[in-house]
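The values are calculated or read from the model by the stated rules, or taken from the named source; none is laboratory data. Since this is a predicted model, take the numbers as computed values, not measurements. Every residue, glycine as well, gets a Cβ built from its backbone with ideal geometry; the counts of neighbours run over all protein chains shown.
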Amino acid sequence: MLSNISIAEVLRVGVPTPGQIPFFWQDKAGEYQGIYPDTLRLIANDLKFNLSFEPLSQERLRRYFEIGEIDIEMGVSANIDDRPQIKKVSLFTRSFSVVNEVIIYRPELSFPVFILKDLAGQRVATVRGNTVPDSLIREDFTNQWQIAQRVHRGWNNIGLMKEAVALYYQREENLNYETSLPYASNPVSFRVNSKIKDKLADMNASIDRLDKQGVLEELVCKYLCGPTIQKNE
């Protein structure tokens, strides 16, 4: 079990392992970096509460959330189809960011922009477990890094990825592929345990302030259009 820390002092944040750059990851010093933890730190600083980041498998994270051992889960869609036990204790902040889904493809392909229906009957690299249209011939891989590498090396002509991840690998690892316009966009929020429902209105107000000030946009740009990310600080 996790340490029994007073909610009044520290909010416990469940972080699924392994990380997913640029959204969240743990550096060599054990500190969490990325768009999601940095956004949450901005809110915590604004509202004067502390955070304890708890690395957990996805299944254990959900189980601990259900029994109140986790207060916040980062980067979750309010429309997620969850089991009844977790739905009963889940509240969601207003969205603080949007995750775009894109198609990456070999530069020599002739079409600059894809929509999914144009890919009917083609072999497409996807992450195992992700939902894709039945019209595609999917080839499943463990993670998005594998997909990016395979398209870069020409082992697959087309892959489906999150835009932020595709841009990160393209910039940081100098991978050679093109990226389509988004074919789907999913707003993401913080999942808040109903035990701390009194925090929800304040968190939403903080997100509003940070958004209006342009701080959230600047934070995303830090990871997607700024200098090289230091993974091993």
Filter the range 161-220 down to the residues that are among the aromatic types (Phe, Trp, Tyr) and out of contact with any Ser or Thr (no Cβ under 9 Å at 6 or more places or on another chain) and list them by number. Tyr168, Tyr169, Tyr177, Tyr183
Subset of the range 24-77, residues in a helix (DSSP H, G or I) and β-branched (Val, Ile, Thr), comes to Ile35, Thr39, Ile43
Restricting the search to the range 83-103, which residues are in contact (Cβ under 8 Å) with a residue 60 or more places away in the chain and either part of a helix (DSSP H, G or I) or of a type in the set (Phe, Trp, Tyr) (or both)? Phe92, Phe96
Hits in the range 6-20 (condition: at pLDDT 85 or above and over 18 Å from Val76 (Cβ atoms)): Val10
Could you check, for the range 213-232, whether at least one of its residues is in contact with a Phe, Trp or Tyr (Cβ under 8 Å, 6 or more places away or on another chain), outside any helix (DSSP H, G or I), surrounded by fewer than 16 Cβ atoms within 10 Å (Cβ to Cβ) and not aliphatic (A, V, I, L, M)? yes
Residues (free of Cβ contacts under 8 Å to residues at least 12 places away in the same chain and assigned to a strand (DSSP E or B)) located in the range 104-137: none
Counting just the residues of the range 176-199 that are surrounded by fewer than 17 Cβ atoms within 10 Å (Cβ to Cβ) and among the aliphatic types (A, V, I, L, M), which one comes out nearest to the chain's Cα centre (by Cα)? Ala184
Among Arg60, Arg106, the single one that is in the same structural domain as Ser206 (by TED's automatic domain parsing) and charged (D, E, K, R) is Arg60
Can you name the number of the only condition in (1) polar (S, T, N, Q); (2) out of contact with any Leu (no Cβ under 9 Å at 6 or more places or on another chain); (3) at pLDDT 90 or above that Asn50 fails? (2)
Quick one: would you say Ile80 is aliphatic (A, V, I, L, M), outside any loop (DSSP other than H, G, I, E, B) and either more than 18 Å from the chain's Cα centre (by Cα) or closer than 28 Å to Val220 by Cβ (or both)? no
